[in-house]
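Enquirer: Just dropping this structure here.
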Amino acid sequence: MELDTSGANMPAMPLEPTNIQQIGDELAIAWNDGTELFLKLEVLRRACPCAVCGGEPDVLGDVSRPHVTYTDKSFQLAGFDFVGGYALQPR
Ligand SMILES: [Zn+2]
């Protein structure tokens, strides 16, 4: 398969963030198509997919969710890192 780099057959510009910053208690992401996304830091923190927060499946595939306690500090953004070519990891 040949890669068309002329852009003539490209459907659209890939969606990429142009600005990422914390605004209040939200992570605000501005995209190159002019749209903006606001994510509550608390929602992001509670959705953490790591094994400590979300649990790990046992040999039978059952997941027992660990008990995670949160404080106000749990929902503060210390920063974020880019992971690979497309992911953002808030800390
Ligand atoms: Zn976690």
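The values are calculated or read from the model by the stated rules, or taken from the named source; none is laboratory data. Because the structure is predicted, anything quoted here is derived from the model rather than measured. Note that each Cβ is placed from the backbone with ideal geometry, even for glycine, and that neighbours are counted across all protein chains shown. Side chains included, ligands, DNA and RNA excluded: accessible areas come from the protein's heavy atoms. Shrake-Rupley method; radii C 1.70, N 1.55, O 1.52, S 1.80 Å.
Enquirer: Return a yes/no flag: does the stretch 41-54 have any residue that is among the small types (Gly, Ala, Ser), modelled with pLDDT under 95 and under 25 Å from residue 20 (Cα atoms).
Expert: There is at least one residue in the stretch 41-54 that is among the small types (Gly, Ala, Ser), modelled with pLDDT under 95 and under 25 Å from residue 20 (Cα atoms).
Enquirer: Separate question: Could you please find all residues in the stretch 29-50 being touching a strand residue (DSSP E or B) at 6+ places or on another chain (Cβ under 7 Å) and more than 21 Å from residue 13 (Cα to Cα)?
Expert: Result: 38, 39, 40, 41, 44.
Enquirer: Please count how many residues of the stretch 33-91 are within 13 Å of the ligand (Cβ to nearest atom), within 18 Å of the chain's Cα centre (by Cα) and open to solvent by 80 Å² or more (accessible area, probe 1.4 Å).
Expert: 5
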